[in-house]
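Take a look at the structure set out below.
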Amino acid sequence: MNSLYELDAKWRKLLNLDNFLNGLTVHEFVEEISNENSLKDGAAHTGTWEHLNPKPYIRTFESTVKELQRLNTDAESRRGQLEQGVAKYELLHAQRVLQLKGNLETIVKDSNVLDSELTNVTQVVSPLGEKLEKSIKRKNMYAKSVELISYYAAFHADGLSSQLEALRTSKNWKSRARASILVKNLLILTRKVETKSVPRTIGTTALIEDYAQKLETEFLAEFNTAYRENDFDQLTEIAILLNRYNNGLNVIQSFINQHEYFMGVDNDDFTFDEAFKTKLTDPDYHAISYDTQMVHILDEIETLVKNESKVVKRVFESRCAFVLQLLIQKIFLQKIEPRVETRLNAALSLSGLAYVRMLHGLFSLLNQLVKDLTEFFRLGDIEDNGDLTSALERSFNDLFAKTIYDRTKYFDLEKRSLELALAHKTSKFCLGHEKEIYARTLSTKLMNGTSFANDLAFQESGPTSNGKLSQINNFLKNQLEREKRRLNSADSSMSPLPAGKTSNGFDEASKGQEFSLQSIDGMLKCAIESVARILELVPSKANEYTFEIVEVLLMGTVNSYVECGLEVSFSQMTEQDLIRNSELDMSYFHYISRASEMLSLISASIKTVVLPLFVNAPEVKKAVIMISNHHLKRCELLMNIIVDETILAFTQRFLASLAKQKKRDFLPKTQDILDHDTLPASEIVRDLNTLYAQVRRYLKNENLQSFLLQIGSTLSRLLFEHYKKFQVSSVGGIILTKDIIGIQTAVEEWSVDGLIDDFATLRELANLFTVQPEELNSLTDEGHLATLDRRIISAYVDKRDDFNQNSFVSKIGLS
């Protein structure tokens, strides 16, 4: 057993060079050996560290240090031994490297000598090999020439070569392949030796050509038979034979011409069913319309090409892509193009819209066919150089190029169909309000007004020529005239109109309902549909054509619809004589509200749908922004005129009511009339309540707040000036205050912040007539009067019936 202060055996085992501390850190090792001494020392457990005996710890650490010193000595000794061993082996390694270096130099030297000798031998042997190869080729060519001449001699002498015939009729396809090559070479030979000086050579040439024709005809017949019987082995053999004979041109042509898909009678009894016809001609149906018969035909063609490509790849091998090119070209020429033309002509007989929709539908179907076949060819390793894909795309482009790139055959119809759709959607409203619209009273006022005319000064430098806009505008007017004649014609054949119906066939009560966001939304969808077609059909012309579509859209929506609604609004306003009419009708504001929403919708559509299309055409984008701003600005100015005229009319109406104020209204003799408001105040309150009740149904949010603010501000200015004109007694001050409170209550219901202070100030001014003279100073230093111009306060105080200029004013300190 170990002594008390010696290291335990388990700790001594850890102090060796092979496994030092066995993974413990120095701190952990010290802690472990210290804990053992702590267990032996009772002081550690009593917590009286003052009585701790340090000797066991010191002795243990001394033993540990002693053991570590011994271990260090052993480690240094072993390190020295290892360093000596390493030096010894390094020296031995260096000696071996030097020895190997000499051996390697000897090997390299011997290799160079051997390479030099081989080079000399090659220089001698190579020319001999080339000469031998040439000699063998000449021998083979000589043998073939002799054989070929013998066959020619047989034809020349006997009209037929039995040996060649035996090869031709052999069951072995290699013999027949040799026969085809011999016949091919015979044709070359006989045409070279043919001469008029030896007439018989001409006959020999004719015999050989007939024989060659017979050979090829038999091969082609066998090829067609094998194709019908699906004998792919024989098909491959014959294709190889004919490919060696004349590059297989005739067999390829025969394969395509004799294909059963082209042999049958092509019955394309095409007629529109009513449902499809409705989709094509309905301006509110915007999805792409596909002819189901054409979809079925293209599915058949896709299946045919995919199936035949497998046969062609197996039979014609390396010429597979070329054969499929010819097959696809023939399909497009004979099967697809006639059907496309038939359907386009039939659609054109319905309408221009039906035509462009049919064109778009066919383009989309065939474009998808091209994509599907291209992907199939790529995945099937049928082509490797892109020629087949190029031929497929070329056939597709050639099919539509003569239509979509001819402006008269596509875009003019696209543009005209959009104009017709917009005219159709605006016709009902415009014809229902024909009188108001064509009077153009509002537009005339716009152009005659100095400030408004200046706002439109940029019109002359706009991006669109007046001639072009005039042309579009005239077209829309002509369409409305045609629609009017059509309706009148229909009305003349009907029974007498019931009450409430106009001669144009419109219910007077429902005219306003035709001026709606749904109509604008429908027009925008028509325009977006046109733009979508343009982007897909003619992307190279997209910028130019889209700009023209935007022109038509703005003319059809803003000029021919929104402006017409504003003309109707202005007409309804002027007809009712707002200044004198006792019954207010603000329903004409419905058109302003709708027009504002319409302009926002049009502007948002152009910003989100149209402008992003011109990311690479900044000039066109700028032109679209300019023309859009021009049309929108014009409508905003028209709406401003209506609002300003309305405010002016109410100003005159307020003045007319205030003119009814009597001089003695605020100097009553008795208090009996305190329960009654004066006539002007009653009329103004009635007008304000009626105005607000009606206008808030049409104007919303900022538009409503702005309009009411202008009305209220105008009224407050009038009242400020009005009440300075009348003498007011203390009792009359109560009447005046009641008048103002009535007006203030009506205005406060509007919840317009800018007006509350104005009318509160007016009410406090009314208090100047009711308070005692000595209280005027304190009153004018409080509330809204504290910030009011003292001259205004003086003007009101001056109208007190007890006012004395010399004593009264000096007493209260007003000047």
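Fewest-first ordering of 631, 424 by other beta carbons within 10 Å of each residue's beta carbon gives 424, 631. Taking amide H atoms as placed 1.01 Å from N in the peptide plane, the amide H of residue 728 lies under 5 Å from those of 800, 801, each 5 or more residues away in sequence or on another chain. A straight Cα-to-Cα reach below 16 Å connects residue 409 with the lysines 541, residues fewer than 8 places away in its own chain not being considered. Placing R0 at 45 angstrom, the Cβ-Cβ distance between residue 160 and residue 293 gives a FRET efficiency of 0.20 after rounding to 0.05. Each peptide in 712-721, 78-87, 699-708, 551-560 was scored by the mean count of other Cβ atoms within 10 Å over its residues; highest first, the order is 551-560, 712-721, 699-708, 78-87.
The 3J(HN,Hα) values that the Karplus relation (6.51, -1.76, 1.60; θ = phi - 60°) gives for segment 770-780 are, in residue order, 10, 7, 6, x, 5, 9, 5, 4, 5, 5, 6 Hz. Gly and Pro appear as x.
Sequentially through segment 630-647, phi angles give Karplus couplings (6.51, -1.76, 1.60; θ = phi - 60°) of 4, 5, 5, 4, 4, 5, 4, 5, 4, 5, 4, 4, 4, 5, 5, 5, 5, 4 Hz, Gly and Pro residues having no value and appearing as x.
Entry note, segment 159-258: relative contact order of 26 percent, from Cα contacts under 8 Å with a spacing of 6+ residues. Rounded to the nearest whole angstrom, the semi-axes of the ellipsoid equivalent to segment 660-812, taken from the Cα gyration tensor as √(5λ), stand at 30, 18, 11, largest first. Sorted ascending by nearby beta carbons within 10 Å, beginning with the fewest, 658, 613 become 613, 658.
Rounded to the nearest Hz, the phi-derived 3J(HN,Hα) couplings of segment 215-222 under the Karplus curve 6.51 cos²θ - 1.76 cosθ + 1.60 (θ = phi - 60°) are 4, 5, 4, 5, 4, 5, 4, 5, where x marks glycine and proline.
Shape class of segment 283-375 from the alpha-carbon gyration tensor: prolate, with a/c at 1.5 or above and a/b greater than b/c. Taking a Cβ cut-off of under 15 Å around residue 719, the surrounding Lys, Arg, Asp and Glu residues balance to a net charge of -2, with basic ones at +1 and acidic ones at -1. Extension gain for residue 82-residue 341 works out to 83.5 nm (0.36 nm per residue, less the C-alpha to C-alpha distance). For the pairs 425/525; 660/725; 335/525; 402/525; 415/633, flag any whose C-alpha to C-alpha distance is greater than 23 Å. With Cα atoms farther than 23 Å apart: 335/525; 402/525; 415/633.
Charge tally for residue 389 (other residues, Cβ to Cβ under 9 Å; Lys, Arg +1; Asp, Glu -1): -2.
No lab work stands behind these numbers, since they all come straight from the coordinates. Keep in mind it's a predicted model, so treat the numbers as computed, not measured. Don't worry about glycine lacking a Cβ; one is built from the backbone with ideal geometry, like all the others, and counts go over all protein chains shown.
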